[in-house]
Amino acid sequence: DGGITQSPKYLFRKEGQNVTLSCEQNLNHDAMYWYRQDPGQGLRLIYYSQIVNDFQKGDIAEGYSVSREKKESFPLTVTSAQKNPTAFYLCASKFGIGTYNEQFFGPGTRLTVL
Amino acid sequence: AQKITQTQPGMFVQEKEAVTLDCTYDTSDQSYGLFWYKQPSSGEMIFLIYQGSYDEQNATEGRYSLNFQKARKSTNLVISASQLGDSAMYFCAMREEGAQKLVFGQGTRLTINP
């Protein structure tokens, strides 16, 4: 079955620690995205990547970093510089660069800073 | 700048009734795509339906349909014969042509009562 997997589902972090959220897709999609969702809010774009070894900042990139070494993988690191990292993180992917292609989402990772 | 507005924070509907979820958008582009996603309590985002700005017909997908009024910049989601499983958050989103970013509204929480 093709799809997007995210791990872990729940993640707890102490203040000052960096953590990495995993996102893997086997849909052969070119573009991948990371979103952040706060309670009762919509999604905000953190980073996105259209091709391997290339990525662009979204609206709220500060305190986050990404890499795209493989087409299938787009891990997100939440660094200690992110002041309020507790949130729900969603990874998505999309086929091609067309405007009209929908994004497919993973199940999400819920990050809590203790 | 893109902007998506969903004015209904919450909606309560009796099972089997039809429901309309409102969405207005703001863009100066002529070419864009409009998307609706469902987010159950599990957190994953499920793609429901898409409308292109140049589509002359309102989009339909099973029990989902869009009331697309381009001049008013609105794309309301209509769910016919609502079911208990329709209870979820619903998000409207837009992507302008050539842009990779999908901009989301704040969402509407739909509750279907038995």
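The values are calculated or read from the model by the stated rules, or taken from the named source; none is laboratory data. What you are looking at is a predicted structure, and each value in this text was computed from that prediction instead of being measured. Cβ placement follows ideal geometry from the backbone for every residue including glycine, while neighbour counts extend to all protein chains displayed. Each accessible area value is taken on the protein alone, full model and side chains, heavy atoms only, with ligands, DNA and RNA left out. Shrake-Rupley method; radii C 1.70, N 1.55, O 1.52, S 1.80 Å.
Label separation (B:Ser41 vs B:Asp55): 3.1 nm, computed from points 7 Å beyond Cα along the C-beta direction. The distance between label points at A:Asn84 and B:Gln106 comes to 1.5 nm (points 7 Å beyond Cα on the Cα→Cβ vector). Please give every one of the aspartates and glutamates within straight-line cross-link reach of B:Lys73, meaning a C-alpha to C-alpha distance under 15 Å, and leave out same-chain neighbours fewer than 8 residues apart. Excluding near neighbours in sequence, the set is B:Asp22, B:Asp26, B:Asp29, B:Asp55, B:Glu56, B:Glu96.
Here the stretch B:1-61 is assigned +1 on the Cβ of each Lys and Arg and -1 on the Cβ of each Asp and Glu. Its dipole about the Cα centre then comes out at about 180 debye. Per-residue shielding of A:39-52, expressed as the average number of other chain Cβ atoms within 10 Å of the residue Cβ, stands at 3. Taking a sphere under 15 Å around the Cβ of A:Gly96 and counting the other residues whose Cβ falls inside, with K and R at +1 and D and E at -1, yields a net charge of 0.
Straight Cα distances below 30 angstrom link B:Lys70 to the lysines A:Lys94, B:Lys3, B:Lys16, B:Lys38, B:Lys101, with same-chain residues fewer than 8 positions distant left out. With a cut-off of 13 Å between beta carbons, the residues surrounding B:Glu17 carry a summed charge of 0, where Lys and Arg count +1 and Asp and Glu -1. Full extension of the segment from B:Asp29 to B:Glu97, taken as 0.36 nm per residue of separation minus the current Cα-Cα distance, would add 23.7 nm. Shown is the FRET efficiency for A:Lys70 and B:Lys16, computed with R0 = 45 Å from the Cβ-Cβ distance and rounded to the nearest 0.05: 0.40. For the stretch B:1-95, the relative contact order comes to 36 percent (Cα pairs under 8 Å, sequence separation of at least 6). When the solvent-accessible area of the protein assembly as shown is split by element, carbon and sulfur atoms take up 48 percent of it, the probe being 1.4 Å.
Please give the FRET efficiency for A:Thr77 paired with B:Gln8, using the beta carbon to beta carbon distance and R0 = 30 Å, rounded to the nearest 0.05. After rounding, the FRET efficiency stands at 0.25.
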